[in-house]
Amino acid sequence: MKCFIIPSWVVGLTLLSFATNGAEKVSVVSIKPEDLVEYETQPESVRKLIEVSLSLTKKKLGYQFGSNSPDNWGMDCSGTVQCTLKMFGMEKVPRSSWDFYEWVKASGELRPARGVTTLDDPLLADLKPGDLLFWEGTYETGDRSPPISHVMIFLGTLKEDGGGVMFGASSGRRYRGKSIHGVSVFDWAVPSPKSVSKFVGYAPIPGLKVEDEVLVAKPLEKPNPLKSALEKFIKKSEVSPP
């Protein structure tokens, strides 16, 4: 599926990048939506977003800086998020990680979490499946302010081991000890205090409809003989003539 028609000169640069930097062999991981603890209790729109995201992990796409189309054999981080949201059905989606950050900031939904170094930090308490995740310092961004350099989508928690996972594109991030190069599922992790990169925040996707009722299993009510007898008496009284 073409998410964007790229001019031939851009494709040429992309292929040149692949020729010079493409020593990395495509190495990706895919999971099923049902592998996520939260999947079945999410609104329909979030479930669809998860499904679209994971469908791209099955295409064996590498990491390609400057690409936002699967037809180029790979995509970069923001190109992957943009392509995913367009496949989901959204229009006028940002292209760069900085543009995504400014997009959610303008929506008023950004949850700042700059510099958190542990996943149990209270600043991450509101994180939900489908949220966008932002980092800075993963590469030199020139005069960007703030220097946002990376974006991914939080997927939720794996049933298998209870660990968090996210979706996007990277060359070097990991999944359960495996180095990844491509469009894939990744470990949900934040940088250590010594890292030059910093996690800066997260936010729900603007315009993503989540008004559907979240499905929550109700606990089974134990039978109460006294209550049942009382209900039968009241019902009989209501239908008896005065």
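The values are calculated or read from the model by the stated rules, or taken from the named source; none is laboratory data. Being a predicted model, the structure only gives us computed values, none of them experimental. Quick reminder, even Gly has a Cβ in these numbers, built from the backbone with ideal geometry, and neighbours come from all protein chains shown.
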Checklist entry - Taking the range 55-69, which residues are under 22 Å from residue 24 (Cβ atoms) and either buried (at least 21 other Cβ atoms within 10 Å of the Cβ) or among the polar types (S, T, N, Q) (or both)? => result 56, 57, 61, 62, 63, 64, 67, 68, 69
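Would it be correct to say that residue 61 is in contact (Cβ under 8 Å) with a residue 12 or more places away in the chain, within 28 Å of residue 41 (Cβ to Cβ), out of contact with any Asp or Glu (no Cβ under 9 Å at 6 or more places or on another chain) and aliphatic (A, V, I, L, M)?
no
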Item to check | Selection count, the range 88-99, where residues are touching a helix residue (DSSP H, G or I) at 6+ places or on another chain (Cβ under 6 Å) and either among the aromatic types (Phe, Trp, Tyr) or more than 18 Å from residue 131 (Cβ to Cβ) (or both) | outcome: 3
Checklist outcome for this item: Within the range 161-196, the count of residues that are at pLDDT below 95 and among the aliphatic types (A, V, I, L, M) comes to 1
Next on the checklist: Residue under question is residue 207, and the condition is that it be within 19 Å of residue 96 (Cα to Cα), assigned to a strand (DSSP E or B) and not hydrophobic (A, V, I, L, M, F, W, C); does it hold?
Outcome noted: no
Checklist entry - Which pairs have Cβ atoms under 7 Å, sit 6 or more apart or on different chains, and link a residue in the range 20-36 that is within 18 Å of residue 163 (Cα to Cα) to one that is modelled with pLDDT under 95 and part of a strand (DSSP E or B)? => result none
Checklist entry - Can you name every residue in the range 100-127 that is surrounded by fewer than 15 Cβ atoms within 10 Å (Cβ to Cβ) and either in contact with a helix residue (DSSP H, G or I) (Cβ under 6 Å, 6 or more places away or on another chain) or of a type outside the set (Asp, Glu) (or both)? => result 106, 107, 108, 112, 114, 115, 117, 118, 119, 122, 125
Checklist entry - Only one of (1) of a type in the set (Asp, Glu); (2) in a loop (DSSP other than H, G, I, E, B); (3) over 17 Å from the mean Cα position of the chain (by Cα) fails for residue 102. Which number is that? => result (2)
Next on the checklist: Quick test of your reading of the structure: residue 171 fulfils all but one of (1) outside any strand (DSSP E or B); (2) buried (at least 18 other Cβ atoms within 10 Å of the Cβ). Name the failing condition by number.
Outcome noted: (1)
Checklist outcome for this item: Scanning the range 128-137 residue by residue, those on the phi > 0 side of the Ramachandran plot and out of contact with any helix residue (DSSP H, G or I) (no Cβ under 8 Å at 6 or more places or on another chain) turn out to be 137
